[in-house]
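Read the structure below first, then the notes.
The values are calculated or read from the model by the stated rules, or taken from the named source; none is laboratory data. In this text, all values refer to a predicted model and were calculated from it rather than measured experimentally. Here Cβ is always computed from backbone atoms with ideal geometry, including for glycine, and neighbour counts include all displayed protein chains. Surface accessibility is based on the protein's heavy atoms, side chains included, excluding ligands, DNA and RNA. Shrake-Rupley method; radii C 1.70, N 1.55, O 1.52, S 1.80 Å.
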Amino acid sequence: MKKFNIRKVLDGLKEASSSSSSSTPSVQVGPQENNLIQETLQSEHFQLCKTVRHGFPYQPSSMAFDPVQKILAIGTQSGALRLFGRPGVECYCQHESGAAVIQLQFLINEGALVSALADDSVHLWNLRQKRPAVLHSLKFNRERITFCHLPFQSKWLYIGTERGNVHIVNVESFMLSGYVIMWNKAIELSSKAHPGPVVHISDNPMDEGKLIIGFESGIVVLWDLKSKKADYRYTYDEAIHSVAWHHEGKQFICSHSDGTLTIWNIRGQGKPIQTITPHGKQPKDGKKPEPCKPILKVEYKTTRNGDPFIIFSGGLSYDTVGRRPCLTVMHGKSIAVLEMDYPIVDFLTLCETPYPNDFQEPYAVVVLLEKDLVVIDLAQNGYPIFENPYPLTIHESPVTCCEYFADCPVDLIPALYSVGSRQKRQGYSKKEWPISGGNWGQGTQSYSEIIITGHADGTVKFWDASAIMLQVLYKLKTAKVFDRNRSKEDKGSIEVSDEDPFAIQIMAWCPESRMLCVAGVSANVIIYRFSKLEVTTEVVQLLEVRMQYELNETESPDGGGGEQTSAHPTPGASPQTSGPPSHPSTSSNNSDGGNIPCLKVRSSPLKQSPGYQVDLVVQSVWVSGEPPQQITSLAMNSSYGLLVFGNSNGLTVVDYIQKTVVLNLGTVELYGSNDPYQRQPRSPRKTRQPSGGLCDINECSATSEDRCKSPTSDHRDNSFSRSRSSSVTSIDKEAREAISSFHFCETFARKGDCTLTPCLYVGTSLGTVLVLALTLPPAGEQRQLQPIIISPTGMLVRLKGSIMRMAFLDSAGSLVPSAFETWCEPNVTADGEEREKIRKRRPVSVSPSISQELNESQFAVVCSEKQAKVISLPSQTCIYKHSITEASFILRADVVQMNQSVCVACFCANGHIMTLSVPGLRPLMDVNYLPLTDMRIARTFCFTNLGQAMYLCSPTEIQRITYSQETCENLQEMLGELFTPVETPEAPNRGFFKGLFGGGAQSLDREELFGELAAGKASRSLAQHIPGPGGIEGMKGAASGVVGDLARARIALDERGQKLGELEERTAAMMASADSFSKHAHDMMLKCKDKKWYQF
């Protein structure tokens, strides 16, 4: 007799009522089975925070490099900052305003960075802490910032504006100096026109007192800071884009909008000493060459033992239509034109010295492209590129789906790495990657993590995501299985989009057996086995399936698939013990001329490298001129040798060992006579839209125009509400029911069963969970020959909304893993093949808690897009249910393991991330994390074990988050250090001739010129100072470690300075107060001087 535990019921209700969650509390709705599960997870185990962001910075806009610390910074159009050091050291921060970063400047070897934004604000970032923070900000009110320059080892930042003025900011206090260079003082009085915005500022490398200012209109001014006047002016009749100095300070070079470079002597007033049009055709009659495209940036770098380098972007002639963007390297008489894959955003030349007045000795060029980062080796012939060690190729083809696995088998990453290392390209530079700053974090995380991304071009990438790093392991090209030149059938040419026919839609992976299944957008499923040996497949095994279900016929013509190239001549479906019979039909392309697959499998032999090798291709074919519907769900089980996939009308079960279709049924037929819905008996073909639409707008995850298109199409990102699966109310509108999820498990197939049976649980878009019992032949030779029998056993439970996830717990509350087979090499010799045939199925679980002698129970955890339920098996009673959301719906739900326990993690369309305990479904965490801004987040969000989750935050970047309080606490240790103590190189020795020519390297006391005593205070209305959150408090965090004493001394000085400043302010206030008091007293004395005492 089962024990009814009233205390547990009351506890469940008490916990529910005390829950602070905004969603409806969980309710215990049935008697607990005969043992109580102690739930160990509590709210304090959960905390949500971002951990790390990987990938290429989306829409980059600017770049800077610290030549001593060897750190690269990239700013983006959305106000993001990405900092890169040695491989594995990277950091992401975000400006609050979200305005585009227009320029970045390092305080070289100081552990600080200045950023200028499009909203006319300037910010100082402290990089001496693991999570950089803003120390100061300055917001300009009346002028727009166009250019910034911070000389090496100077604390005065020059800021040029759109009005043509130059302002000066003290980077320590972030206060404006009263010293301003006004545009009308800089240009000649005779000039009638405004010179335009400031496009360049830099000081003479040999004389800090001389500043060059470039105006857009073509005027360049050499300004004497001491005498506050222009020494020389240089005028050219083409707009200027950039200016660069020769290190000796006697010459500079300008790049112009007509594709010319002009070189000027600083003392030469009139004309440039040389004008070059590097890519212009030179006419013979001595006329000016034809104008070219603008040269957007130029750099002029000298070498001790050879010709200088002139490096520039742009400047190609206008007749090079369709030519890719180029970077040109001029070295002596040689001109190398380096073509890039994407437009150039910015480039920087990396030099041996940080001092601008020394021979520069350039060794590399970092080129920031719109979608890539390229580093060119200048020291090697042919200018090879460095192999990029950062994970910047996530977006090589748009990501269409993701899966995330934590705590994988330990041998998996080495196996994938060994096959992936053979895929590396050749011809890279032999040198070490030059961006090598920072130090790795002290991560204590021991488990391995793998992220798999599916892409629009059919590639699947495996990434090692362990210890908050990311590194590509292996890349699989699924498109190799198909003929690229698809025959243009009249029927298919309009319906099937050529945009991304190979795009990956869903992936199923078994880490233990290393089996991989991918469902493509063209209604195809490919099964891969992992092998360490190369093999040539003469004929790719193909299975074609007709998924067509007519609701107005008593017997459904849902053909089993016939094989074209299978070794087994049994095309039929296996007999079923219940449910309607299935009618096999070999698809031979001759019945109605409509059995065309979306993609044609290649007929020539396929050479398969070590790694993932195709085992079987399953294709849904066109039926009677109707295209196959997209696959909505996919699952596989390596122990049973089964693959199952569903679409908006039914499901197909494939035995991939025998290469046959086992079951091909419409969803309605799975119910048998127990169908709870009164459906109209009608053919779905008659209700379809003229365009051959897939399904009702609420029924399925894709509409007609999505068919055979990539999930990256624009319209998918904008119309989010459409992708919702239906609620129960939409049955009146549409008789079809999509298959939304699957789960293979060894459990109780029927009510009251006392033995465990292999089962397939099927979840539908109408919230029903159906059970199919599997009868498998014994392992070994019989498994190859005897059919698998599948018996539908009816409906288990119904929930509101589409079923998202199913999982099973044993009687102790532990997660029951699906049965799997451990991996063994598939391509072995003859005697090995025999060995492969007698592979044994691994038992479901080695846990003693599943001993059936004690007649113990299991719990099925089912989560739909609206609610969660826990069903006790084999009694099939619902013991807990919880309404997760009413107004919104769940996009992703996973049953995950954490802290030696299990919970349900959900991501809701309203941006909430929630976790629920199991089996009690108590709300443990509910955080309003991020509003769903586009479909990409919904398509790529996934939870995994041990408190980890991820999603694509932009088309090029993966954002990883954790919901584990323990990981949040350890994150600081795991993050890398950006700043490391490095000695600044010695300044160049100028020797005997110092001061003879051009005065040598003249230093300047800028404090004397720009300080408040000399220059006065700046206008208060010009800019507003905003102290940052990472002020002295933030710097205290950086005061530990090797540089602790130095940093603490520096902070103490800063604090002393701050206190002295406050003291000075208080003294000034007291003096002002005393003055005011004295004035009032004097007025009072004058007023009362002649009055008698009695007149008061």
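The table below gives the values:
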read-out: In segment 174-203, the residues that are of a type in the set (Val, Ile, Thr) and open to solvent by 20 Å² or more (accessible area, probe 1.4 Å); value: Val180, Val199
read-out: Count - residues of segment 414-444 that are open to solvent by 40 Å² or more (accessible area, probe 1.4 Å), under 22 Å from Phe84 (Cβ atoms) and assigned to a loop (DSSP other than H, G, I, E, B); value: 10
read-out: Number of the condition not met by Ile201 [criteria: (1) closer than 13 Å to Val298 by Cβ; (2) in contact with a Gly (Cβ under 7 Å, 6 or more places away or on another chain); (3) among the hydrophobic types (A, V, I, L, M, F, W, C)]; value: (1)
read-out: Answer from Ala905, Ala868, Ala893 - the residue that is among the hydrophobic types (A, V, I, L, M, F, W, C), in contact with a His (Cβ under 9 Å, 6 or more places away or on another chain) and open to solvent by less than 10 Å² (accessible area, probe 1.4 Å); value: Ala868
read-out: Residues being small (Gly, Ala, Ser) and either modelled with pLDDT under 95 or assigned to a loop (DSSP other than H, G, I, E, B) (or both) - total across segment 83-132; value: 8
read-out: Per-region count, segment 134-169, residues surrounded by fewer than 19 Cβ atoms within 10 Å (Cβ to Cβ) and assigned to a strand (DSSP E or B); value: 1
read-out: Meets criteria (among the aliphatic types (A, V, I, L, M) and open to solvent by 20 Å² or more (accessible area, probe 1.4 Å)) for Leu107; value: yes
read-out: Residue pairs meeting the criteria (Cβ under 7 Å; at least 6 apart or on separate chains; first modelled with pLDDT of 95 or more and open to solvent by less than 20 Å² (accessible area, probe 1.4 Å), in segment 294-315; second among the β-branched types (Val, Ile, Thr) and in a loop (DSSP other than H, G, I, E, B)); value: none
read-out: Residue within segment 903-921 that is closer than 26 Å to Pro57 by Cβ and without any contact (Cβ under 8 Å) to a residue 60 or more places away in the chain present; value: yes
read-out: Boolean, Phe405 is farther than 20 Å from Ile468 by Cα, of a type in the set (Phe, Trp, Tyr) and crowded, with 18+ Cβ neighbours inside 10 Å; value: no
read-out: Any chance Leu113 is of a type outside the set (D, E, K, R), in contact with a Gly (Cβ under 7 Å, 6 or more places away or on another chain) and surrounded by 20 or more Cβ atoms within 10 Å (Cβ to Cβ); value: no
read-out: Some residue of segment 259-269 being over 18 Å from Asp237 (Cβ atoms) and modelled with pLDDT of 90 or more; value: yes
read-out: Within segment 44-64, considering residues that are open to solvent by less than 60 Å² (accessible area, probe 1.4 Å) and not in a strand (DSSP E or B), the one nearest to Glu969 (Cα to Cα); value: His45
read-out: Residue in segment 332-345 that is in contact (Cβ under 8 Å) with a residue 60 or more places away in the chain and surrounded by 15 or more Cβ atoms within 10 Å (Cβ to Cβ) present; value: yes
read-out: Qualifying strands (runs of 3 or more DSSP E) (wholly inside segment 219-285; at least 1 residues being hydroxyl-bearing (Ser, Thr, Tyr), open to solvent by 70 Å² or more (accessible area, probe 1.4 Å) and over 22 Å from Val166 (Cβ atoms)); value: 274-276
read-out: Only listed residue being modelled with pLDDT of 50 or more, of a type in the set (Gly, Ala, Ser) and either open to solvent by 10 Å² or more (accessible area, probe 1.4 Å) or in contact with an Asp or Glu (Cβ under 8 Å, 6 or more places away or on another chain) (or both), chosen from Ser566, Ser638, Ser582, Ser587; value: Ser638
read-out: So Ser648, is it open to solvent by less than 40 Å² (accessible area, probe 1.4 Å), part of a loop (DSSP other than H, G, I, E, B), at pLDDT 75 or above and closer than 28 Å to Asp500 by Cβ; value: yes
read-out: Scope segment 66-75; condition of a type in the set (A, V, I, L, M, F, W, C) and surrounded by fewer than 22 Cβ atoms within 10 Å (Cβ to Cβ); matching residues; value: Val68
